[in-house]
Amino acid sequence: MRAKILIRLKEDVPDSAGRVLQERVAHLGFTDVLEARVGKLVELEFEGSDRDGAINRIKNMCKQVLVNASIEDYEILSVE
Amino acid sequence: MYRIAVPKFPGASGAEDVVYAYSSVIGDVEAYTVAPEAERLGKPDAVIIPGGYSFGDYLRPGGLAKTCRVSGAIKKFARDGGPILGVGNGFQILCELDLLPGALIINYSTSFMNEQAYIKVASNLCPFTKHLAEEKVLRMPISCYYGAFFADPRTLRELEQDDHIAFRYCNHLGDTDDPIGFNGSLNSIAGIISRHGNVMGMMPHPERAVEAVRGGTDGLAVLSSVLIPDSNPESAQSADGPSEST
């Protein structure tokens, strides 16, 4: 099983990388981009086929190390 | 002799700077590194968590340091009231360990900042600032990409109300009026103190400001403060023979 977890800064946390990215794509002519946010994608390969167990372990890992809850949110995009 | 433990996380480059500052410049201090998987700190009087990109800043600066066994010993030392200073990446690690509130995010400029910074003492309620006069301006290097302090409004309010802002960025005159500040840190925060006052984190590097030949000696006042008994504040600014811990 492979899991994909998207980690992003919370909406109220300044995203300097996103701000600069928006400025630079506008510089290339993509002026219709009003905002950019930059996050991280974590992929985890699990042994076994216990999907619910894997989701529980992912949540536990997010709480312990993958995510800093004071500035980040996460979303489990897929476990398959 | 006063003992200072310096946990050395994988990839972190700043441990030797801290050991050198205490052992060779300040003197009369036993400063020693502690391995990342050590379960004990070796009965130190204080702990300094150095800067320098533990685990290559992978995932988040300081984020993977909390997987090391020594982090448990650091948390216990903090719970027992021991004085802890985290510098640069050490500050980020202390936030990740929940020993300090908030987090450090990318500088507003999105640039790696490697330059001299001016900071002003905002609170001396901590072992590492207790002998520094409030409003005193210090100059020392900063070297970081994730250097801007962020906290939610409630946490920020509590830090201000409780007088737990240790240092603020300023100009050479001590002014902190710039809304973006030095690097985008909220309220120009360069360092904070924990709820119980024994843990401090700061982004500027006092251990790299201990010799005139390296650009200045203002860091000595911070590093020496923890060594000096409360009854002898006048010698806080001197690096020549700090007193032993009581």
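Things to note:
- Sorting B:137-143, A:68-74, A:29-35 by average packing, meaning the other beta carbons within 10 Å per residue, from highest down gives B:137-143, A:68-74, A:29-35.
- Area projected by the alpha carbon convex hull of the protein assembly as shown, averaged over all directions, nm²: 18.5
- If you look at the Cα atoms of segment A:2-79, you get an Rg and a Dmax of 15.8, 47 Å.
- Here the gap between B:Ala212 and B:Ser23, fully extended at 0.36 nm per residue and compared with their Cα-Cα distance, gives a gain of 66.3 nm.
- Distance in nm between pseudo-label sites at B:His196 and B:Glu160 (7 Å out along the Cβ direction from Cα): 2.8
- ³J(HN,Hα), Karplus 6.51/-1.76/1.60, whole Hz, each residue of segment B:217-223, x for Gly, Pro: 10, 5, x, 4, 4, 6, 5
- FRET efficiency for the pair A:Leu6 and B:Asp175, taken as 1/(1 + (r/R0)^6) with r the Cβ-Cβ distance and R0 = 45 Å, rounds to 0.60.
- Check: segment A:2-79 dipole with +1 on Lys, Arg Cβ and -1 on Asp, Glu Cβ, in debye: 140
- Assigned charges on the beta-carbon of Lys, Arg, Asp, Glu; the protein assembly as shown dipole about Cα centre (debye): 620
- Alpha-carbon Debye profile of chain B, log10 I(q)/I(0) at 0.08, 0.12 Å⁻¹: -0.25, -0.59
- Reach of B:Lys75 by Cα under 25 Å, taken over lysines that are not fewer than 8 positions away in the same chain: A:Lys59, A:Lys63, B:Lys8, B:Lys43, B:Lys66, B:Lys130
- Gained length - B:Asn114 relative to B:Lys136, 0.36 nm times residue gap less alpha-carbon distance: 5.7 nm
- For the pair B and A, total buried accessible area rounded to nearest 100 Å², probe 1.4 Å: 1300
- B:Thr217 accessible area, 1.4 Å probe, all protein chains in place, Å² to nearest 10: 60
- Sequence-ordered 3J(HN,Hα) estimates for segment B:132-140 from the Karplus curve with 6.51, -1.76 and 1.60 and θ = phi - 60° stand at 9, 6, 4, 6, 5, 9, 10, 10, 7 Hz, glycine and proline given as x.
- Accessible area (Å², per residue) of segment A:2-79, counting only protein heavy atoms and a probe of 1.4 Å: 65
The values are calculated or read from the model by the stated rules, or taken from the named source; none is laboratory data. Just so we're clear, the structure is a prediction, and the values are computed from it rather than from any experiment. Glycine gets a Cβ as well: all are built from the backbone with ideal geometry, and neighbour counts include every protein chain shown. In case anyone asks, the SASA skips ligands and DNA or RNA and just uses the protein heavy atoms, side chains included. Shrake-Rupley method; radii C 1.70, N 1.55, O 1.52, S 1.80 Å.
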